[in-house]
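Take a look at the structure set out below.
Just so it is clear, none of the values below were taken in a lab; they were calculated from the coordinates. Worth saying up front: this structure is predicted, and the values here are computed from it rather than measured. Neighbour counts are summed over all protein chains in view; Cβ atoms, including those assigned to glycine, are modelled from backbone coordinates with ideal geometry.
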Amino acid sequence: MSWIVAKSVCEALGAKLVVLNSLAENQAVGQNITRKLGTMIGLHRNPNNKSSWLWVDGSRATYSLPWNTGELNNPEGGDCVRMLPKAKGYRWKHIPCDTFHSHIPYVCETRGKSVRIILYIAPGMLNHS
């Protein structure tokens, strides 16, 4: 599915694509990703200012793991983001928001009364297209 559809599926579950605010959070999510292609995260380019990035909750990206080589200033790479796997240091890479990515899972998160809940959704786990 596309990043846009992954975002919609998370929202339909009462959650959102994961927001990462620190290196520790990035590594915690990354360490639970077993696929070799990484996962979609809730970061996207600000449509009103293409040089800045927003999380799906509307917050500005204040924490930024080093991007994969050449990614940060690559406007051709896409306006949405996936986290690369451990072999690539859990770095971030641009992806087109509306392109179908059948092999890339995504991570949703929601908050309970006193706990943050992370949902890892692999392709095919939910019957959405």
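So if we plug the beta-carbon distance of SER22 and SER102 into 1/(1 + (r/R0)^6) with R0 = 35 Å, what FRET efficiency do we get, rounded to 0.05?
On the way: r = 31 Å, r/R0 = 0.87.
Using R0 = 35 Å, I get an efficiency of 0.70.
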Extension gain (nm, one decimal) between LEU13 and ASN46, 0.36 nm per residue minus Cα-Cα
9.5 nm
For a protection proxy built on the mean count of beta-carbon atoms within 10 angstrom, sort 55-63, 1-9 highest first, please.
1-9, 55-63
